[in-house]
Amino acid sequence: MLQNQEKVMASGGEVMKNKQVILKHFIDGAPKESDMVVKTSSISLKVEPGSNGVVVKNLYLSCDPYIGSRMKKFEHPDFSSFKPDSPLEGFGVAKVVDSGHPDFKKGDLVWGTVGWEEYSVIENPEKLFKIHHTDVPLSYYTGILGMPGITAWAGFYEVAAPKKGEYVFVSAAAGAVGQLVGQFAKLMGCYVVGSAGSKEKVEILKNKLGFDDAFNYKKENDLDAALKRCFPEGIDIYFDNVGGKMLDAVLLNMRLKGRIAVCGMISQYNLSQHEGVHNLMNTLIKRIRMEGFVVFDYFPQYSKFLEVVLPLIREGKIVYLEDITEGLENAPAALVGLYSGRNIGKQVVLVARE
């Protein structure tokens, strides 16, 4: 996606220093700050003559769990590893500084995949979303109005197919996606419980985000017992962000014809040997539908998503928690913190103000 910068330099134009977060080597296990290094290179702010690409100034970067997975060496038809000695990539909000593409002009605000750097050259800007609504914080386009927002919307409404009054459980409920799923469920009249990894997050779920109940999974010796305490009548919908032992316990507590939307499995991402799931017999006995989904499949419905979510934000019917780290040089620490649950809400890195 990101064009070779030496090639761009040859096109002339204003040359700027460009701070970048570089992957030093492929990793095993969870990312560490020492796996990344912040370096400064140079970049031309003009696109090469005849190019359809754009040059953007990055304003906000999104820290997401999948970034750690792409720091490992693997082969997959839909996803690729990062390359050592190259910048990381991820979703971000940016401003166009030069364009060779007819649909983008200097000054346009966009969100999509950019480099973890101050400026990026993007060869395929067709994959960028132009930002038309600026009456909400721009950082929201890394979260509630960006990839995590569409993920929550698609996973809950399209995959889980909720009905009013159902019992909904959300894991990693204080994170970028989980906090929205819980609020969508409450707006539908569902009973909602979330799990999180600290007392502070549990209080936020109950007091700020409107969950009916919540528990700290790190303090529960028996997840099955915790779920039976919160759902004495069982669970209709489980929005799974963590997999592993939590998924196994949920399978014991699902109701007849329940649905499990598998969004992520952060508990498994950094294990060399994935944990097994032992209670799958319940999918048969209880006729449970369990479906994994990937947000990219729902990007074509982005305008439909905005029609639903923008009014909810403007009317104060939904809130969004952000954890903003300032400075590109602090991006590695912000990313690493995701895997220990250090952040509260959506982890964002502020690279530059407009």
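The values are calculated or read from the model by the stated rules, or taken from the named source; none is laboratory data. None of these values were measured; they are calculated from a predicted model. Every residue, glycine as well, gets a Cβ built from its backbone with ideal geometry; the counts of neighbours run over all protein chains shown. To get the accessible areas, we keep the full protein, side chains included, count just its heavy atoms, and leave off ligands, DNA and RNA. Shrake-Rupley method; radii C 1.70, N 1.55, O 1.52, S 1.80 Å.
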### Summary
LYS106 fails exactly one of (1) more than 24 Å from VAL15 (Cα to Cα); (2) free of Cβ contacts under 8 Å to residues at least 12 places away in the same chain, namely (1)
### Query
Within the group ASN241, ASN253, ASN270, ASN282, which residue is surrounded by 13 or more Cβ atoms within 10 Å (Cβ to Cβ) and either closer than 18 Å to LEU180 by Cα or small (Gly, Ala, Ser) (or both)?
ASN241
### Message
One residue is enough: does the stretch 124-134 have a residue meeting the conditions within 30 Å of VAL15 (Cα to Cα) and either touching a Lys or Arg at 6+ places or on another chain (Cβ under 7 Å) or of a type in the set (Gly, Ala, Ser) (or both)?
### Response
no
### Query
Pick from the stretch 154-191 the residues that are open to solvent by 10 Å² or more (accessible area, probe 1.4 Å) and not in a loop (DSSP other than H, G, I, E, B): which of them is farthest from GLY244 (Cα to Cα)?
LEU187
### Message
Test of understanding: among ILE150, ILE144, which residue is touching a Phe, Trp or Tyr at 6+ places or on another chain (Cβ under 7 Å), of a type outside the set (Asp, Glu), in a loop (DSSP other than H, G, I, E, B) and open to solvent by less than 20 Å² (accessible area, probe 1.4 Å)?
### Response
ILE144
### Query
Quick one: is ALA196 surrounded by 24 or more Cβ atoms within 10 Å (Cβ to Cβ), closer than 21 Å to VAL308 by Cα and of a type outside the set (Ser, Thr, Tyr)?
no
### Task
Please work out which one of (1) on the phi > 0 side of the Ramachandran plot; (2) open to solvent by less than 10 Å² (accessible area, probe 1.4 Å) is the condition GLY210 fails and give its number.
(2)
### Query
Here are some conditions: (1) in a loop (DSSP other than H, G, I, E, B); (2) among the hydroxyl-bearing types (Ser, Thr, Tyr); (3) more than 18 Å from VAL114 (Cα to Cα). SER34 meets all but one. Which one does it not meet?
(1)
